[in-house]
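Student: The structure under discussion is supplied below as structure tokens; questions concerning it will follow.
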Amino acid sequence: MRTIDWNDESNSIVMIDQTMLPEEFKIIECKTLASLCEAIISMRIRGAPALGVAGGYGMALAARLSSAKDVNSMLKDMEIAAKTIKATRPTAVNLAWGVDRILHAVNDAYDLKGIKAVALSEAKKMADEDVAKNKKIGEHGATLLEDGDTVLTHCNAGRMACVDWGTALGVIRSAVEDGKQIQVIACETRPLNQGSRITAWELMQDNIPVTLIADSMAGHLMRKGVINKVIVGADRITGDVVFNKIGTYTHSVLAKEHEIPFYVAAPLSTFDLEGWEETVDIELRNGDELRFFNGKPIAPKDVNVYNPAFDATPMENITAVITEKGIYYPPFLLEELFVD
Ligand code: MRU
């Protein structure tokens, strides 16, 4: 099943609850905007491209649930829903991109039924496009991987971070599909462990060899010459940096020191044409994620905690950015990628 989908029978959003992985493969349904927002905040659905589609489906749900009796009132309801959804997680630009794409699409509709229909068909189109884009990213990125490579990845930029296939893991999947033997080193990605819980699980499902390490072990393995390449996803790419899961910057510095190619795989919807490092809000998460593990204290319960979800990696640490349009080697102007 896709990570996130629309159920036509119940008119609801269905998704894999990623907080339950790998213990339980649980499907949940969001029938209200509040339940969708809760799912995003709690990270039942997560990963920048998947969040983009969640934003799109959320807007389709908002149109469907609106009790407005005229077009203007419905559009107002949708504007309010847009603000609510966008506020759930600020860093991944794809969420706002997905929401805005639906707001833009419904401008062409002229009655209430039309708005509902356009919002849903556009959201479904976004979901299909996400899979197609990831396949393209995979196709381009696979040319950078060689048979026998050992690739380090951080967090989860796999099918669970997207509708299907994945960005960074999509590149690995495509290389494997081409017949290359690839070993993956998955960093556990503290504190929410998307690497150990999701990436390791996803790759094992596909029989792709994966070894789990703690985040702090990456430098040791690079120095020993075990890692040939690093591939990560992205939550937002601005003119100067790539925002990705906390810990990514550290890997990039280590990769540079050890002359290991460092690749970022992301769709164009992850690019923020107007953004710069200074303009982006980095999500700060609850300190209890570090004070507790599985409900058990692992630190003094009132210790001061700093828990940013993302960091910024400067373009000069990045060997290439892999998009659905091709491979781009910094320095480049973001606008270049959007020229047909
Ligand atoms: O906080 P998350 O899990 O939503 O973070 C997103 C990520 O998984 C990563 O940062 C990822 O590399 C980019 S999304 C493909």
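Results for (1) buried (at least 16 other Cβ atoms within 10 Å of the Cβ); (2) among the small types (Gly, Ala, Ser), shown as yes or no for each residue.
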{"residue": "Ala54", "(1), (2)": "yes, yes"}
{"residue": "Ala62", "(1), (2)": "yes, yes"}
{"residue": "Lys76", "(1), (2)": "no, no"}
{"residue": "Glu79", "(1), (2)": "no, no"}
{"residue": "Lys86", "(1), (2)": "yes, no"}
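Student: Being within 19 Å of the chain's Cα centre (by Cα) and either among the small types (Gly, Ala, Ser) or more than 14 Å from the ligand (Cβ to nearest atom) (or both): is that true of Ala214 here?
Tutor: no
Student: Please find, within the range 244-297, the residue that is surrounded by the most Cβ atoms within 10 Å (Cβ to Cβ) out of those that are β-branched (Val, Ile, Thr) and assigned to a loop (DSSP other than H, G, I, E, B).
Tutor: Among residues in the range 244-297 that are β-branched (Val, Ile, Thr) and assigned to a loop (DSSP other than H, G, I, E, B), the one surrounded by the most Cβ atoms within 10 Å (Cβ to Cβ) is Ile246.
Student: Which count do you get for residues in the range 299-324 that are surrounded by 11 or more Cβ atoms within 10 Å (Cβ to Cβ) and assigned to a loop (DSSP other than H, G, I, E, B)? First the steps, then the outcome.
Tutor: Step one: list which residues in the range 299-324 are surrounded by 11 or more Cβ atoms within 10 Å (Cβ to Cβ), which gives 299, 305, 307-324.
Filter once more, so that each one left must be assigned to a loop (DSSP other than H, G, I, E, B): 299, 305, 307, 309, 318-319, 324.
Looking only at that region, the number is 7.
Student: Filter the range 219-237 for residues that are buried (at least 22 other Cβ atoms within 10 Å of the Cβ) and within 16 Å of the ligand (Cβ to nearest atom); which is farthest from Leu333 (Cα to Cα)?
Tutor: Taking the candidates together, the pick is Val230.
Student: Now, a different point. Do we have Ala186 as free of Cβ contacts under 8 Å to residues at least 60 places away in the same chain, assigned to a strand (DSSP E or B) and more than 10 Å from the ligand (Cβ to nearest atom) here? Even if it seems obvious, please write down each step before you answer.
Tutor: On the way: free of Cβ contacts under 8 Å to residues at least 60 places away in the same chain: yes; assigned to a strand (DSSP E or B): yes; more than 10 Å from the ligand (Cβ to nearest atom): yes.
Yes, satisfied.
Student: Another question, then. Hey, can you tell me all the residues within the range 123-177 that are buried (at least 24 other Cβ atoms within 10 Å of the Cβ), small (Gly, Ala, Ser) and out of contact with any helix residue (DSSP H, G or I) (no Cβ under 7 Å at 6 or more places or on another chain)?
Tutor: Matches in the range 123-177: Ala168 only.
Student: Which of the residues spanning the range 82-107 are among the hydrophobic types (A, V, I, L, M, F, W, C) and within 15 Å of the ligand (Cβ to nearest atom)? Step through it out loud before you land on a result.
Tutor: Filtering the range 82-107 for residues among the hydrophobic types (A, V, I, L, M, F, W, C) gives 82, 85, 87, 92-93, 95-97, 99, 102-103, 105-106.
Selection gives Ile85, Ala92, Val93, Leu95, Ala96, Trp97.
Student: Follow-up. Out of (1) β-branched (Val, Ile, Thr); (2) within 13 Å of the ligand (Cβ to nearest atom); (3) free of Cβ contacts under 8 Å to residues at least 40 places away in the same chain, the odd one out for Ile198 is which?
Tutor: It is condition (3) that Ile198 fails.
Student: Also, quick follow-up: Among the residues of the range 144-183, what is the count of those that are among the hydroxyl-bearing types (Ser, Thr, Tyr) and within 12 Å of the ligand (Cβ to nearest atom)?
Tutor: Total meeting the criteria: 2.
Student: If we scan the range 119-136, do we find a residue that is assigned to a helix (DSSP H, G or I), more than 17 Å from the chain's Cα centre (by Cα), more than 13 Å from the ligand (Cβ to nearest atom) and not assigned by TED's automatic domain parsing to the domain that holds Leu61?
Tutor: no
Student: Within the range 17-62, track down each residue that is of a type in the set (D, E, K, R), more than 19 Å from Ala200 (Cα to Cα) and in contact (Cβ under 8 Å) with a residue 12 or more places away in the chain. So that I can check it myself, show each step before the final result.
Tutor: First pass over the range 17-62, keeping only residues of a type in the set (D, E, K, R): 17, 23-24, 26, 29, 31, 38, 44, 46.
So of that shortlist, the ones also more than 19 Å from Ala200 (Cα to Cα) come out as 29, 31, 38.
Once the filter is applied, which keeps residues that are of a type in the set (D, E, K, R), more than 19 Å from Ala200 (Cα to Cα) and in contact (Cβ under 8 Å) with a residue 12 or more places away in the chain, the range 17-62 yields Glu29, Lys31.
Student: Test of understanding: among Pro261, Pro267, which residue is in contact with a strand residue (DSSP E or B) (Cβ under 8 Å, 6 or more places away or on another chain), farther than 14 Å from Thr319 by Cα and in contact (Cβ under 8 Å) with a residue 12 or more places away in the chain?
Tutor: Exactly one of Pro261, Pro267 is in contact with a strand residue (DSSP E or B) (Cβ under 8 Å, 6 or more places away or on another chain), farther than 14 Å from Thr319 by Cα and in contact (Cβ under 8 Å) with a residue 12 or more places away in the chain, namely Pro267.
The values are calculated or read from the model by the stated rules, or taken from the named source; none is laboratory data. Predicted model, so just to flag it, every value in this text is computed and none were measured. Cβ coordinates were reconstructed from backbone atoms using ideal geometry, including for glycine residues, and neighbour counts include every protein chain displayed.
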